[in-house]
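First the structure, in the form of structure tokens, and then the observations on it.
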Amino acid sequence: MKKQYDFRKMSFYQIWIRSFCDGNGDGIGDLYGVYDKLEYIKKLGVDGIWFSPIYPSPNADYGYDISDYKNIHPDYGTLEQFKKVLDRAHELGLKVLLDLVINHTSDEHPWFIESCKGGKDNPYSDYYIWREPRFKGEEKLPPNNWYSQFEGIAWEYNEQREQYYLHVFAKKQPDLNMDNPKVREEVKSIMRFWLDMGVDGFREDVINFISKNSDMPDGWSFVPAINGLPFYKDGPNLHKYLEEFRQVAREYGAVQIGEAPFTSVKTALTYIGGRKRVLDMLIQFDTMFADCFMTEYIYHGFRLRKLKSAFRRWQYGLQGKAWFALYLENHDHPRVVSRYGNLRWWKESGSMLAACYILQRGTPFLYQGQELGMTNIALNSIDKYIDVAAKNAYNTFFLKDSVERRLERIHVSTRDSARTPVQWTDGKNAGFTTGKPWFYVNPNYSFINAEAEDRDPHSILNFYRRCLALRKHSRTLLFGTYREYFPQSSKIFMYERKYTDKANGLEERILVVCSFDAHDRSYRMPRGYNYKKGRLILDNYISEEEMKAGKTAQPCALKPYEVQVWKFRKKL
Ligand code: NOJ
């Protein structure tokens, strides 16, 4: 058993490699490009990297359909190159987490190819979830009425085996049968393979789906895409399986972050609460639903109160009990400045959003390009989009709407917006590649790019750096309590972090005040606060230099999308 590192003091940067940086000129991001950008990542002030899948995959779901768990996709490099990246990251003091996708594989994985053959003596027969068809007269029907989250019904008939297999996601992503002990041994062996190489932990994909209810009854027929959810989420053996995987992680002191769609605080606590936790943190989805319910289905525009209530639920619910994973963007969600911010106030809202979540209690995750304020892309035809979920939504839902209206829905919801190449410079292809980029580069790279933002003291990039540095060096921001003020406000999000240092008889409070308004606004500080006794320590309208030179903000007044962070200290 190895002692675990303190992930609570850390922050992570997520790389979706295909669009991160191309190092060999073939138009596709790769590990050579990552190697070149490690210093950039370090300079951001994060402490680790989470790689979305980098394994061989036919890319039906861009890496989340794995065909070989112990190798690197040839588009991205080799195992040797990965090892180089890993070693260099470690030299720079960065931890490296990989994505562990064990709910399903690719249908091109050799296990599935074997499983399709069936047969009692075939060791792979029971690696997946196979069921007999139901019959209506002569007509073959799937075993139940579940929909898949990405593509039609959740069952696909296999002619060779004459049975249906379950796929909660795309057809090319058959679900593994985790009830089979041999499958769990495979998972452990995959974990060991990477941990032995020196990897520091895993982000575990849809981990709350891996244990299925063996009955598999029909779900509510009127709910699209997720009607089987109650029967495959938080299944009967989930704890048991997670405990088995936890044993492996413990041997190496590895950290485990579980992605858990549609989970509640109460359920989350059963996984991440206490010393016997089976996961260290959970990626919930509530904070990504402030403008929608599942972006593809119901889009209602941004509502600050909905975002605040999601933050409140998780912050208060986990306080003193478990640790939170803070994020506003990842490869599954369109760009947050386009969603929760305001493109007319791009720089202000993009930077305010950084402080709004990074200074809360928990470990922050940043997604590539988020630190630059990258925005959504709008393409003029569905054929230009590549994401299986976008195509499914377009071809399945809202068919009565006009093409324009359906495309609008795709613009606000598509995961492709998070997957455009990272904008490094204002040069050709945004400096992402010297070749032909595999996907559309957002034309706004002429002004949204890392090189320009590095030079600009007021940039979103530099503001992210300041937020991360502030958090890293503040016990109050790392470990202080969380308290929200004025929850009813639909324009201001205000919270306090408080730390009592009993040994030195000191109490420190940090008040974070965020405006989500495109107009000037006044506010009052909560009872017990006197701004005259406070010191402004961060503001997105004031650069670091200006702040050092003594520039301050007008207390109790906010410019559009301004964030003010005030510090108060008192002797006890
Ligand atoms: C969650 C991942 O984040 C997403 O990108 C993927 O499509 C699904 N799980 C299926 O693996």
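The values are calculated or read from the model by the stated rules, or taken from the named source; none is laboratory data. Predicted, not measured: the structure shown is a model, and the values here were computed from it. Counting neighbours? That spans all protein chains shown, and the Cβs are built from the backbone with ideal geometry, glycine included. The accessibility values were calculated without ligands, DNA or RNA, using every heavy atom of the protein model including side chains. Shrake-Rupley method; radii C 1.70, N 1.55, O 1.52, S 1.80 Å.
Assorted remarks:
- Accessible area per residue (1.4 Å probe, heavy atoms of protein chains only) ranks Phe202, Phe398, Phe289 as Phe398, Phe289, Phe202, with the largest value leading.
- Report summary: the helix-based calculation at 222 nm, which adds -39500 (n - 2.57) for every DSSP H run with n ≥ 4 and divides by the residues of the chain, gives -8000 deg cm²/dmol.
- The 1.4 Å probe gives accessible areas that order Phe285, Phe293, largest first, as Phe293, Phe285.
- Gained length - Ser446 relative to Asp426, 0.36 nm times residue gap less alpha-carbon distance: 6.7 nm
- Rg/Rg_globular for the stretch 261-334, with Rg_globular taken as 2.2 N^0.38 Å and Rg from C-alpha atoms: 1.15
- Inter-probe distance in nm under a simple model that places probes 7 Å from Cα toward Cβ, at Ser264 and Asn24: 5.0 nm
- Taking 0.692 mPa s as the viscosity and 37 °C as the temperature, the Stokes-Einstein diffusion coefficient of the chain based on its alpha-carbon Kirkwood radius rounds to 133 µm²/s.
- When the solvent-accessible area of the chain is split by element, carbon and sulfur atoms take up 50 percent of it, the probe being 1.4 Å.
- DSSP-defined beta bridges in the chain - what % are antiparallel, rounded to 5: 65 percent
- Label-point separation, His473 to Lys321 (7 Å along Cα→Cβ), nm: 3.5 nm
- Inter-probe distance in nm under a simple model that places probes 7 Å from Cα toward Cβ, at Cys556 and Lys2: 5.5 nm
- In the context of the full protein assembly, Asp61 retains an accessible surface of approximately 10 Å², using a probe radius of 1.4 Å and ignoring ligands and nucleic acids.
- Estimated from the Cβ-Cβ distance and a Förster radius of 56 angstrom, the FRET efficiency linking Tyr299 and Arg88 is about 0.85.
- Full extension of the chain between Glu185 and Glu251 yields a length gain of 22.2 nm, computed as 0.36 nm times the residue separation minus the alpha carbon distance.
- Checked against a 30 Å cut-off, the cross-linked pairs Lys266/Lys308; Lys212/Lys400; Lys498/Lys551; Lys3/Lys306 give Cα-Cα distances beyond that limit for Lys212/Lys400; Lys3/Lys306.
- Estimated from the Cβ-Cβ distance and a Förster radius of 56 angstrom, the FRET efficiency linking Asn530 and Asn213 is about 0.50.
- Straight-distance candidates among the aspartates and glutamates for linking to Lys436, with alpha-carbon spacing under 12 Å and chain neighbours fewer than 8 residues away dropped: Asp22, Asp26.
- Global form of the stretch 316-399, assessed from the alpha-carbon gyration tensor, a/c cut-off 1.5: oblate
- For the stretch 29-188, the average shadow cast by the Cα convex hull is 11.1 nm², which is a quarter of the hull's surface.
- Largest to smallest principal axis extent of the C-alpha atoms in the stretch 478-571, angstrom: 44, 36, 23
- Shape class of the stretch 110-166 from the Cα gyration tensor (axes a ≥ b ≥ c, square roots of the eigenvalues): oblate, since a/c reaches 1.5 or more and a/b does not exceed b/c.
- Seen through its C-alpha gyration tensor, with square-root eigenvalues sorted a ≥ b ≥ c, the stretch 419-540 comes out prolate because a/c lies at 1.5 or above while a/b is bigger than b/c.
- Accessible area per residue, Å², the stretch 283-377 with all protein chains present, probe 1.4 Å: 25 Å²
- Computed from the C-beta positions of Val403 and Asp520, the FRET efficiency with R₀ = 30 Å rounds to 0.15.
- Of the GluC sites (Glu not before Pro) in the stretch 83-148, those whose Cβ has at most 16 other Cβ within 10 Å and which sit in DSSP loop: Glu108, Glu138
- Net length available on complete extension from Ala378 to Leu343 is 11.2 nm, with 0.36 nm assigned per residue and the Cα-Cα distance removed.
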